[in-house]
Structures are given as structure tokens and as C-alpha cells.
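Working notes, beginning with the structure itself.
The values are calculated or read from the model by the stated rules, or taken from the named source; none is laboratory data. Bear in mind that the values here come from a model prediction, so they are computed numbers and not experimental data. Glycine also receives a Cβ, built like all others from the backbone with ideal geometry; neighbour counts cover every protein chain displayed. Quick note on the areas: whole protein, heavy atoms, side chains included, nothing else; ligands and nucleic acids left out. Shrake-Rupley method; radii C 1.70, N 1.55, O 1.52, S 1.80 Å.
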Amino acid sequence: MSRPRVVIVGAGFAGYRAARTLARLARNRVEITLLNPTDYFLYLPLLPQVAAGVLEARRVTVSLPGTLHGVRPVLGEADGIDLDARTVHYTGPEGDTGTLGYDRLVLAVGSVNKLLPIPGIAEHAHGFRGLPEALYLRDHVTRQIELAASEDDPAVRAARCTFVVVGAGYTGTEVAAHLRLLTDRLVRRRPLPDGVRPRWLLLDVAPRVLPELDERLSRIAGRVLRQRGVEVRTGTSVREATHEGVLLTDGDSIPSRTLVWCVGVRPDPLVAAVGRPLERGRVIVDPFLGMPGRPEVFACGDAAAVPDLDRPGELTPMTAQHAWRQGRVAGENVAASLGLGRRRRPYRHRDLGFAVDLGGMRAAADPFGIALSGPAAGAVTRAYHLAALPGNRLRVAADWLLDAVLPRQGVQLGLVRSWAVPLESASPELPREPPDASAPR
């Protein structure tokens, strides 16, 4: 007798956890296929540390074949789902196409960079959703400091040393905090002419940094950023971006060669192509993460509009914490629908607190509602990440130890070029191919 076929699309926080949970409950009684463009799960919260040179890139990647026993990984990008035929169509990494049939489907494709209709943003800004973008940003920032050191024109030198981050949520705050430390280290190693110092700006239309968190954490993070020399401008965003700099909504013009776009995320475009009702761009599901009218289809993570049972009328936020927990519930409910494991259950969450890594041993955290700052928050934050990582814990801890006692290697690797990480990419986890045959590689 053939085994039921379950296809999970996406190996982010939700998809990876769903696959791991289902494999544990199924015990080889189900054929589980995990479709993903890469052969790893990316632990996004530590990506700023990769960009800052604290962690080696492979530390934040967890092998799918090495950690998901009983799951068949398939490399490819889903480009179509036929709900009536119960098939998923995909394109492989070398252009080949394929089709996967299913008895149960878990849609966990995640999210991509959120775009706004601002002139020049798509052409001159870069996001921060994938490993290629982190590697590119590290090289780019290092290159700007090195070019500034040999630049004769003071205006050009200042522009190369000015870095603008838009969006003061989790990602933007951590990127500005970590990379400010990186540029300070680079300048200490090779001082700039006339005592020029790197300038970092963090912009957001909200009235404070980390607007989605408790005001205590916001004040702690804002204080650390300002002490470090980051210019935090609230109530302000970008009106226009060019190669020479950015024009802000308050009328100020900032000469710069670096614009990092961290204003938020939107669901993967595949979600809309499924043809089911959407809420704020996310496919509507019931509290059990099932798709209404399609009992064989489940959705979780950033792709799904999951009702918040503790706040009637609201949806759960698009965060890694929710995606990770929803992945477990999705795996359990898929197993239950196949007569395996426990009865299905609705998704409910309990807020255990948040942690924002601000670089070094500085952080803002509120475990169980207790606001912490300084080394205590830093220790809690690192302990949380080590506990949450599904692999590579010893390697990450070793990198942290080495970073504390040895100088970082401030070199460009040249692995990712600017055209390989466009902001509008629907697949930030993969670098783009060269725009034409004559493009530099």
C-alpha cells in the first residue's frame, strides 16, 4: 500500500519546523517532500552578524538532508500550484522543471522584501532577507571604507562613509547596530584622512525605533544606537534615491553610496497565484492552519493570515517566532489529518518576550516581561539564539568566542555582485544570474 504524500513548499522557519515535526510523528509512514530553492534552512536572526563579520556564513545555515531524517529535499522554486489536480510545479536550479503530486500540501513559502513606490528605491537600494544580500552588504560596506581612505575629494569621501538604513524594526535596528561597529573597526585599522568618521543614519516613519515592541525595549535600543553614534531619525523616510544619495521626506539631502532597505516584508508572490482569498496579501486559513474549502491544504508562517485567538479580529504578526510555532502546529495537524499522532489543535501563542541583538554584548530583551539591557540582555539574547538554532550551536559559540579575542578579518570576498541581489527579487535566498553575457562575474 502506497504511503500518503505530503509536499511542504518552503524551508523557512515554518516549513522547516513543519517537516521536522511531521517526520517525527509519521515515522516513515508518510512520504514527505520538502521543496526549497536551497539545501539549507537559514536562521535569519543571526544574519546581521554575518554581514558584520562576527559569524561565518555557513554558521547560520542548517543542512536539510543532514537534519531532516525521513524527509526528501527537492531543490527548486515553486512557480505554480494546481489545487484541483493536487500538484506543485517547480523550476530547478539548472532550469529544469518538475511536478510534485500530493495528498497533503503545506504552503510555507515565507516572505520577500516589501517595496514602496518611491523613485529610485528598486534601482539603488538593497534588502536584507537572504544570505547573498548579507554577503554583498559586508563586501560593499568594506569597499566603501577602503575607497574613502584613498579618495582625494572630501565630498566623495564623506558620501562613501555615509550609510543609510531605512526601517527601524528588528532587521534595520540590528543591521545599523552591528555594521556601525564593523565600520568603526575598519577605520581604526586604517584611519581615514582628516579624521573622517563613518556616519550611520537609521530612518523610520514611526515615532520610535522598534515600534512593534514595548516602549521599554525601544528606549533601550534607541539609547544604545545613539551612544554608538547612529543618527536615529524618526518620522522620516526616503522621498527619492539616486546613485549619489537620498532625498529625505523632511527635505534633507544625504550624499551616500549605501542604502539598506529594511522597511518590512510582504508574502511571497506565489501566495497570490494560488487563487485563494487573501487578507493583507496572505492566504486565509482557519485557526487549525487549514485552508477553508480545501481540507488537504495547510498554510503557515508569513504566507498565512492566521487568526489571533487571543485578539479577536486580528492576525498573528509576520515574525520568526510565530512562523516557528505555527510550523509545529501545521506538522501536528497534517499528521492528525492522516490518522497519525494527536488530535488536531488550533494555533495559540504565548508571548515569552523578545530580544534585539545590538552588537558586542549589548542587547535589549524582555524575557517573561522583565526588561533587560547591557551585558545581561546580551547574554540572554545569545543564549536564546543558541537554544533556538536547530544546528551549528558549537560552531556559532566558537565564532563568538574568537570574535571576542581576535580582530575581525576586514576583507572583501567578492562573491556577490550588486546586480545579483536586486531589491525586487522574489527569491532573496538566491543570487540572480548576470544581466547579460558581458556583465562582470
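Sticking with the crude label model, points 7 Å out along Cα→Cβ, report the distance from ARG190 to SER63 in nm, one decimal please. About 3.6 nm, to one decimal.
For region 290-410, the convex hull drawn through the C-alpha positions has a volume of 155 cubic angstrom per residue.
Across all directions, the shadow cast by the convex hull of region 69-155 built on its C-alpha atoms averages 10.4 square nanometres. Counting only protein heavy atoms and a 1.4 Å probe, region 285-424 has 48 square angstrom of accessible area per residue. Here region 1-87 carries DSSP beta bridges of which approximately 30% are antiparallel, counting only pairs with both residues inside. Between ALA420, ALA303, ALA388, the residue with the greatest mean-square fluctuation in the GNM of the chain (Cα pairs under 10 Å linked by springs) is ALA388. Computed extension gain for SER418 through ARG208, at 0.36 nm per residue and net of the alpha carbon distance, reaches 72.5 nm.
If the chain linking ARG27 and LEU402 were pulled fully straight, counting 0.36 nm for each residue of separation and taking away their Cα-Cα distance, it would gain 131.0 nm.
DSSP assigns beta bridges within the chain; of those with both partners inside it, close to 50 percent run antiparallel. Build a GNM of the chain with springs between Cα atoms under 10 Å apart, and of ARG17, ARG393, ARG138 the one that fluctuates most is ARG393. Taking K and R as +1 and D and E as -1, what net charge do the other residues with C-beta under 12 Å from the C-beta of ARG188 add up to? Local charge sum for ARG188: +4.
Could you tell me what percent of the accessible area of the chain is made up of carbon and sulfur, with a 1.4 Å probe and every protein chain present? The C+S portion of the solvent-accessible surface of the chain is 53 percent.
Taking every DSSP helix (H) stretch of at least 4 residues in the chain, weighting each as -39,500 (n - 2.57) and dividing the sum by the residue count yields a mean residue ellipticity at 222 nm of -9500 deg cm²/dmol. Since only SER150, THR33, GLY95 are under comparison, the one whose Cα sits farthest along the positive direction of the charge dipole of region 1-159, derived from C-beta charges on Lys, Arg, Asp and Glu, is THR33. Surface calculation, 1.4 Å probe, protein heavy atoms: SER253 sits at approximately 80 Å² accessible. What the phi angles of region 289-306 give under the Karplus curve with 6.51, -1.76 and 1.60, with θ = phi - 60°, is a coupling list of 6, x, 8, x, x, 9, x, 8, 10, 10, 9, 7, x, 5, 6, 10, 8, 8 Hz, glycine and proline written as x. Given the options GLU94, GLU31, GLU424, which has the most mean-square fluctuation in a GNM of the chain, springs set between C-alpha atoms less than 10 angstrom apart? Most flexible of the set in this elastic network: GLU94. Per residue, region 146-265 exposes 42 Å² of accessible surface when a 1.4 Å probe is rolled over the protein heavy atoms with every protein chain present.
In region 264-347, taking the dipole from charged Cβ atoms about the Cα centre, the farthest positive-side position among VAL265, LEU289, MET318 is held by LEU289.
Computed with every protein chain present, the accessible area of HIS69 is close to 140 Å² [probe 1.4 Å].
Based on C-alpha pairs under 8 angstrom that are at least 6 apart in sequence, the chain has a relative contact order of 20 percent. Quick one: compute the contact order of region 1-81, relative version, from alpha carbon pairs under 8 angstrom and 6+ residues apart, as a percent. Result for region 1-81 is 35 percent.
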